[in-house]
1. Can you tell which of 112, 105 is part of a strand (DSSP E or B) and more than 17 Å from the chain's Cα centre (by Cα)?
2. Residues of the range 24-38 being loosely packed, with under 14 Cβ neighbours inside 10 Å and either part of a loop (DSSP other than H, G, I, E, B) or under 13 Å from the mean Cα position of the chain (by Cα) (or both), which ones?
3. For the range 121-142, indicate whether the set of residues that are loosely packed, with under 13 Cβ neighbours inside 10 Å, more than 16 Å from the chain's Cα centre (by Cα), modelled with pLDDT under 95 and closer than 24 Å to residue 16 by Cα is non-empty.
4. Among the residues in the range 85-99, are any within 27 Å of residue 14 (Cα to Cα) and either assigned to a strand (DSSP E or B) or at pLDDT 95 or above (or both)?
5. Could you say whether any residue in the range 124-134 is touching a strand residue (DSSP E or B) at 6+ places or on another chain (Cβ under 7 Å), without any contact (Cβ under 8 Å) to a residue 60 or more places away in the chain, under 22 Å from residue 34 (Cβ atoms) and assigned to a loop (DSSP other than H, G, I, E, B)?
6. Just to check your reading of the model, which residue among 118, 69 is surrounded by fewer than 19 Cβ atoms within 10 Å (Cβ to Cβ) and under 25 Å from residue 146 (Cα atoms)?
7. Just the residues that are in contact (Cβ under 8 Å) with a residue 40 or more places away in the chain, in a helix (DSSP H, G or I) and surrounded by fewer than 16 Cβ atoms within 10 Å (Cβ to Cβ), please, taken from the range 39-58.
8. Looking at this structure, is residue 146 on the phi < 0 side of the Ramachandran plot, surrounded by 14 or more Cβ atoms within 10 Å (Cβ to Cβ) and in contact (Cβ under 8 Å) with a residue 12 or more places away in the chain?
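The values are calculated or read from the model by the stated rules, or taken from the named source; none is laboratory data. Owing to the predicted nature of the structure, the values given are computational and were not obtained by experimental measurement. With ideal geometry, Cβ positions are generated from the backbone for all residues, glycine too; neighbour counts draw on all protein chains shown.
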């Protein structure tokens, strides 16, 4: 497993402040990502600040995490940027919060149709799949990703 380098790191002066992945967003999730074969994975210690029910991760935060990791699959595997056009989430089991809790978020590409990528994502807690999603992304042409979204390619650490 190799850590994926953030292609937007250092662009805070240009307005980069993503709730999901910006390491300097004081309210954000500060997600980091790793390449694990065909999948991208992130490990999170979900703060109680993100709970819905007592000690339970808010469903909107879960959807955000899966939407975010899907974008990182697009960045790493397809080397471009894109936007969500559909997000279908299924909540199967509660996801716990707390500083002693670690959850795993995983995503991969299921299929590509022209400029659209269909991805699967899941949140795993203590070995149990708690939440799943099917996500459709419109993938920008590489020139648009570079000019409009500051995408410079997405590499991994050596």
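1. Sole residue among the options that is part of a strand (DSSP E or B) and more than 17 Å from the chain's Cα centre (by Cα): 112.
2. Result: 24, 26, 27, 37, 38.
3. So the first thing to find is which residues in the range 121-142 are loosely packed, with under 13 Cβ neighbours inside 10 Å, and the list is 126-128, 141.
Within this subset, residues satisfying the condition of being more than 16 Å from the chain's Cα centre (by Cα) are 126-128, 141.
When the remaining residues are screened for being modelled with pLDDT under 95, the result is 141.
Subsequent filtering for residues that are closer than 24 Å to residue 16 by Cα retains 141.
Yes, the conditions are met somewhere in the range 121-142.
4. yes
5. No, that holds for no residue.
6. On the way: 69 fails: surrounded by fewer than 19 Cβ atoms within 10 Å (Cβ to Cβ).
Among 118, 69, only 118 is surrounded by fewer than 19 Cβ atoms within 10 Å (Cβ to Cβ) and under 25 Å from residue 146 (Cα atoms).
7. Taking the range 39-58 as the starting set, the residues that turn out to be in contact (Cβ under 8 Å) with a residue 40 or more places away in the chain are 39-48, 50-51, 53, 55-57.
Checking the rest, the ones that are also in a helix (DSSP H, G or I) come to 48, 50.
48 - this is the single residue of the range 39-58 that is in contact (Cβ under 8 Å) with a residue 40 or more places away in the chain, in a helix (DSSP H, G or I) and surrounded by fewer than 16 Cβ atoms within 10 Å (Cβ to Cβ).
8. When the stated conditions are applied, residue 146 does not pass them.
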